[in-house]
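Heads up: the structure comes next, in structure tokens.
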Amino acid sequence: MMKTTWTAALRVDDGFRLEDVDPGGTPGFTGSKQQGEKELAARREHLGDLQERLFAGSRSGEAQDAVLLVLQAMDSAGKGGIVRHVVGGVDPQGVELAAFKAPTDEERAHEFLWRIEKRLPRPGFIGVFDRSHYEDVLIGRVRRLAEPAEIERRYGAIADFERRVAASGIRIVKVMLHISPDEQKERLMERLDRPDKHWKYNPGDVDERMLWDDYMAAYQTVFDRTSTPVAPWHVVPANSKWYARLAVQELLIAALEDVDPQWPVADFDVAAEKKRLAAS
């Protein structure tokens with residue numbers, strides 16, 4: 001698989017319409033589920049190698065770059081699976097995960113991006129946002145938690161913020177995991193059918209389902225207003241969990257290959273240390 005195939009198939013460009021995306025599709029990959037799972041396992045080592053090189057630079061102080069994976073989706077679309085099966089395949093000490101919930105009173109007292117900026121990944125790290133600043137223009141718009149003029153202002157604020165973040169050396173990978181209402185219903189029903197899944201069920205998810213069309217319209221506006229050359233959106237069909245994981249893995253690999261991290265050069269005399277060690 002070529003990374004250009006994935007980015008071309010999943011990237012939100014001018015003229016993109018969310019309604020045209022088949023949540024059950026597998027754009028960029030023509031193999032079977034079995035082949036996809038094998039590919040996921042095979043590419044895990046390459047992803048891990050790239051991440052280790054990136055992190056090694058942070059230990060030496062040479063790292064200037066980082067990667068930020070932003071995950072947005074309707075409930076049960078598979079964000080947790082991406083964290084476990086894709087990001088979980090790399091060294092956890094080089095990963096910084098932030099799961100943004102409803103803002104606290106302190107956070108509400110600041111500009112909405114204040115809490116986001118505090119959790120940006122340090123140089124040499126992969127940051128993961130499980131939900132993000134986009135909640136403020138998704139649920140904020142659908143649930144009318146802010147005035148329309150304020151929502152409109154936030155689109156511009158986000159675009160400006162992401163330009164600054166990208167200029168600082170952070171590669172931004174924005175992903176919307178796109179599932180169908182029927183697939184979501186099946187996944188939520190499974191959580192109710194299995195006692196070991198009850199802890200994952202939130203009665204509020206059914207309330208949000210009733211606003212599905214409003215959320216899809218809100219996502220379309222987000223794509224129209226905030227998919228930029230330095231921080232493009234990618235829409236990943238997510239009815240097939242194996243495909244969504246494979247696609248996000250490839251997007252992360254592409255971002256890390258763009259960074260092209262190198263092993264830091266030793267700041268000591270290697271030959272001399274070999275002699276000292278042999279004599280010890």
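Here are the numbers for the structure shown:
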quantity: Residue in region 169-186 that is aliphatic (A, V, I, L, M) and without any contact (Cβ under 8 Å) to a residue 12 or more places away in the chain present; calculated: no
quantity: Residue within region 120-132 that is open to solvent by 20 Å² or more (accessible area, probe 1.4 Å), among the aliphatic types (A, V, I, L, M) and either in contact (Cβ under 8 Å) with a residue 40 or more places away in the chain or in contact with a Ser or Thr (Cβ under 9 Å, 6 or more places away or on another chain) (or both) present; calculated: yes
quantity: Residue ID - surrounded by the most Cβ atoms within 10 Å (Cβ to Cβ), chosen from residues in region 108-119 that are in a helix (DSSP H, G or I) and in contact with a Phe, Trp or Tyr (Cβ under 9 Å, 6 or more places away or on another chain); calculated: ILE116
quantity: Scan of region 145-178 for residues that are among the hydrophobic types (A, V, I, L, M, F, W, C) and either in contact with a helix residue (DSSP H, G or I) (Cβ under 8 Å, 6 or more places away or on another chain) or farther than 29 Å from LEU251 by Cα (or both), ordered by number; calculated: LEU145, ALA146, ALA149, ILE151, ILE158, ALA159, PHE161, ILE172, VAL173, VAL175, MET176, LEU177
quantity: Residues located in region 251-280, provided they are more than 19 Å from ARG11 (Cα to Cα) and acidic (Asp, Glu); calculated: ASP260, ASP267, ASP269, GLU273
quantity: Whichever residue in region 77-105 is acidic (Asp, Glu) and modelled with pLDDT under 95 and, among such residues, is nearest to ASP49 (Cα to Cα); calculated: ASP91
quantity: Of all residues making up region 250-280, the number that are polar (S, T, N, Q) and either surrounded by fewer than 10 Cβ atoms within 10 Å (Cβ to Cβ) or touching a helix residue (DSSP H, G or I) at 6+ places or on another chain (Cβ under 6 Å) (or both); calculated: 1
quantity: Entirely in region 1-107, the helices (runs of 4 or more DSSP H) that have 3 or more residues that are open to solvent by 70 Å² or more (accessible area, probe 1.4 Å); calculated: 3-10, 33-60
quantity: Residue list for region 189-242, restricted to those being open to solvent by less than 20 Å² (accessible area, probe 1.4 Å), over 20 Å from PRO148 (Cβ atoms) and under 16 Å from the mean Cα position of the chain (by Cα); calculated: ALA231, PRO232, TRP233, HIS234, VAL235, VAL236, PRO237, ALA238
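The values are calculated or read from the model by the stated rules, or taken from the named source; none is laboratory data. None of these values were measured; they are calculated from a predicted model. All Cβ positions, even for glycine, are placed from backbone atoms using ideal geometry, and neighbour counts span all protein chains on display. These accessible areas exclude ligands, DNA and RNA; they are computed on the full protein's heavy atoms, side chains included. Shrake-Rupley method; radii C 1.70, N 1.55, O 1.52, S 1.80 Å.
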